[in-house]
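**Q** Next up is a structure, given as structure tokens.
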Amino acid sequence: MPAIQQTGFFAYDDQFSMIDLVYDPPNKLLYLHGRTNEFIGIAIYRIKDKQYMTKFPILISPLNQIEAVFAFTNRLITSSPPGFVYQWDFENRSAIYLPLPALSISPGLDRIRRIACFSPGDALAVGIADQSIKILNGALDTIIHSLTVSETDDFYHATFSPDGSRLLAATGRESDPGTDNLIRIYETKNFDALRDIHGHTDSVWYADFSPDGRRIVSASRDGTAKVWNTDTGEMVSEFVGHATGVIYARFFPDGRRVLSADNDHRAYIWDAQTARIEQTFDSIHLPARLSPDGHYLFAGTEVWDIAAGQIIKTLDGIAKDLLCLALSPDGSLLLTSESEGLTKVWKVREHILKPAGIEDFEMY
């Protein structure tokens, strides 16, 4: 980025589109709020030596559910607007722009729009591009493989197995009926496809491995959640208790039970082998996420104690749906993003689970 050019009291940068500018006379600093082709946020410019001292990225709009993911090291990666990918480091309270490498391979045709997941240990990551999924290194600066899962579907969900040896990619469409509606399993040494799993009649919106990696649970727009044998691709069980599209399904740590949630604001806990209902949650808020230890259900701004079947906390004291809710892999951090534009990251144990009032909370 070139140095700011000055004309009297007016300053401009031929690549920095400014929304606001504040001048600090004692320190001879300019605080610039604006954007470039790769940065949206606030920049501090030192007039004395005509240099940018630092840049602070900011979110200019709420995050959607697919636009935030935590790495296993608790780094937060956000992809909003599409193509603007930032890494947020909460230990050091810093954020950096990540120039993803897809443009150097196929300019303008197959750009990486968001980061979907990381492998255990953060050695690999999956980027969702316009026409494919990209396997990246953990630093997100090198493409290792490019995989085409579907020629027709444009929505992908991806996740690694707990031991990192396999990757699944589920396909569909976010709003319209899907076409292929498949789950493809890859091995992660050479990323050869091992098998395709067919069985849903509409988009597969979510899928995940069991804790031992031997089964997969899938959630579909067709109103069903299904458990599959990873090695054979055969269906183990089918849960048909949902009245509308199923948007989330995840195994409990014991591998015996599954929690699934639908667009009708209901969640069920059911036996993964028999599909028998064990517990029902009516009128929950969305999105819904199961804590890694299986003790809590995060549903919109409400936190449920699963064993008690009761709401134990309402974030900010207001029960409502959110646009985005994401948990770190160890369950220690929770991201919430509201339609009103406010995005927060909470320390789960300190801010949510301790017996204190909401007035005592301090978000990052």
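**Q** Just how far, in whole angstrom, is the range 110-158 from the range 280-318 if you go by their alpha carbon centroids?
**A** Cα centroid of the range 280-318 versus Cα centroid of the range 110-158: 30 Å apart.
**Q** To two decimal places, what compactness ratio does the range 230-364 give when its Cα radius of gyration is scaled by 2.2 N^0.38 Å? List each step's numbers first, then the result.
**A** On the way: Rg = 15.4 Å, N = 135, 2.2 N^0.38 = 14.2 Å.
For the range 230-364, the normalised Cα radius of gyration comes out at 1.08.
**Q** Mind giving me the nanometre distance, one decimal, between the label points for GLN310 and HIS33, set 7 Å out from Cα along Cα→Cβ?
**A** Distance between label points: 4.4 nm.
**Q** Let me ask another. Report P(r) for the range 152-242: all Cα-Cα distances, bin width 10 Å, range 0 to the bin holding the largest distance, values in whole percent.
**A** 19, 53, 26, 2
**Q** Report, in debye and to the nearest 20, how large the dipole of the chain comes out about its Cα centre when Lys and Arg carry +1 and Asp and Glu carry -1 on their Cβ.
**A** 720 debye
**Q** Once the Cβ-Cβ distance between ILE144 and ASP254 is put in as r, and R0 is 35 Å, what FRET efficiency do you end up with, to the nearest 0.05? Walk me through the numbers before you get to the answer.
**A** Details: r = 34 Å, r/R0 = 0.97.
FRET efficiency, ILE144 to ASP254: 0.55.
**Q** A further question on this structure: Report, to two decimal places, the Cα Rg of the chain normalised by 2.2 N^0.38 Å (N = number of residues).
**A** Values: Rg = 22.1 Å, N = 364, 2.2 N^0.38 = 20.7 Å.
Cα Rg divided by the expected 2.2 N^0.38 Å: 1.07.
**Q** Another question about this same structure. Based on the mean of other beta carbon atoms within 10 Å per residue, what is the order of 208-220, 182-194, most packed first?
**A** Values: 208-220: 21.7, 182-194: 16.0.
Result, highest mean first: 208-220, 182-194.
**Q** On to the next question. Going 7 Å from the Cα of GLU187 along its beta-carbon direction, which residues of the range 154-171 have the amide nitrogen within less than 11 Å of the resulting point?
**A** 166
**Q** Oh, and also: Can you pull the one-decimal nm distance between simple spin-label points at GLU151 and LYS320, each 7 Å off the Cα toward Cβ?
**A** About 4.5 nm separates the two model spin labels.
**Q** Order 58-70, 260-272 from most to least packed using the mean count of other Cβ atoms within 10 Å. If you can, show how the numbers build up before the last one.
**A** Details: 58-70: 18.8, 260-272: 20.7.
Result, highest mean Cβ count within 10 Å first: 260-272, 58-70.
**Q** Which value in nm describes the separation of the simple spin-label points at GLU340 and ARG214, placed 7 Å from the Cα toward the beta carbon?
**A** Those two pseudo-labels are separated by 4.9 nm.
**Q** Pulled fully out, how much extra length does the chain show between THR73 and ASP89, if you take 0.36 nm times their separation in residues and subtract their Cα-Cα distance? Numbers along the way, then the final one.
**A** Numbers: separation 16, 0.36 × 16 = 5.76 nm, distance 0.96 nm.
In short, 4.8 nm is gained.
**Q** For GLU278 and ARG349, compute 0.36 nm times the residue count separating them, minus their Cα-Cα distance, and round to one decimal in nm. Numbers along the way, then the final one.
**A** On the way: separation 71, 0.36 × 71 = 25.56 nm, distance 2.71 nm.
Separation in residues times 0.36 nm, less the Cα-Cα distance, equals 22.8 nm.
**Q** Next question, about the same structure. Given the C-alpha atoms of the range 115-194, compute the convex hull and give its volume per residue in Å³.
**A** Working: hull volume 6.7 nm³, N = 80.
Dividing the Cα hull volume of the range 115-194 by its residue count gives 84 Å³.
Each reported figure results from applying straightforward, stated rules to the coordinates on display, with no laboratory input. Just so it is clear, the model here is predicted, and its values are computed rather than measured. Reconstructed Cβ throughout: ideal geometry from the backbone, glycine too, with neighbour counts over all protein chains shown.
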